[in-house]
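Everything below concerns the one structure shown next.
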Amino acid sequence: MEDPEESEKIAALNAKINDLENIIKFQMSREQDMVDKVNDLQRGKTRENVNIEYVKNVYVSYLEYKAMKNDKEAKTCEQVLFTALRLSPTEIKEIDKLRKKYKNYKFWKLLPQSSASKKQKEQEMQRLIANTAKIQEHEDKLIKQSS
């Protein structure tokens with residue numbers, strides 16, 4: 001038979017342990033929030049240094065690949081944009097979630113239609129190929145910098 005006084009002490013100690021565990025969980029959550037905020041600030045600071053002309057060229061290439069239904073190259077452009085803009089894993093997950101939700105949506109209808117001649121289209125294709133080479137060079141440079 002347990003002593004009632006001893007049972008009360010054990011219950012009080014268990015309650016204290018439970019309170020301390022809750023405090024630890026709360027502190028760990030706050031610490032993770034602070035780490036996330038620091039990461040966001042660092043991403044924001046590095047985003048300030050992004051070359052807007054480069055991002056524009058990659059984005060134009062992305063749209064062109066999507067229009068030509070070249071999903072492999074479009075996906076490569078996406079990854080370059082994600083890297084250049086320093087998107088967080090959370091932001092990338094949100095994009096993937098929206099992509100799955102609206103996978104059948106044809107946003108191309110919203111873009112102006114091209115009335116370019118065959119020669120203009122060929123010139124545009126040559127520009128696109130040149131931009132792709134520049135993108136690859138820049139991506140290689142980013143990989144080397146991050147190593």
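Filtering region 63-76 to residues that are open to solvent by less than 30 Å² (accessible area, probe 1.4 Å) and either more than 14 Å from residue 127 (Cβ to Cβ) or under 19 Å from the mean Cα position of the chain (by Cα) (or both) leaves only 74. Kindly establish whether residue 93 is modelled with pLDDT under 85, open to solvent by 70 Å² or more (accessible area, probe 1.4 Å) and not in a loop (DSSP other than H, G, I, E, B). For residue 93, the condition - modelled with pLDDT under 85, open to solvent by 70 Å² or more (accessible area, probe 1.4 Å) and not in a loop (DSSP other than H, G, I, E, B) - is not met. Being at pLDDT 85 or above and open to solvent by less than 80 Å² (accessible area, probe 1.4 Å) is a property that does not hold for residue 124. Of the residues making up region 24-45, those that are of a type in the set (D, E, K, R) and modelled with pLDDT under 85 are 33, 36, 37, 40, 43, 45. Being of a type outside the set (Ser, Thr, Tyr) and at pLDDT 85 or above is a description that applies to residue 21.
How many residues are part of a helix (DSSP H, G or I) and either under 17 Å from residue 146 (Cβ atoms) or at pLDDT below 85 (or both) if we restrict to region 56-75? Residues in region 56-75 being part of a helix (DSSP H, G or I) and either under 17 Å from residue 146 (Cβ atoms) or at pLDDT below 85 (or both): 3 in total.
The values are calculated or read from the model by the stated rules, or taken from the named source; none is laboratory data. All values derive from a computational prediction rather than experimental measurement. Quick reminder, even Gly has a Cβ in these numbers, built from the backbone with ideal geometry, and neighbours come from all protein chains shown. For the accessible areas, the whole protein counts, side chains as well, though only heavy atoms, and no ligand, DNA or RNA atoms are used. Shrake-Rupley method; radii C 1.70, N 1.55, O 1.52, S 1.80 Å.
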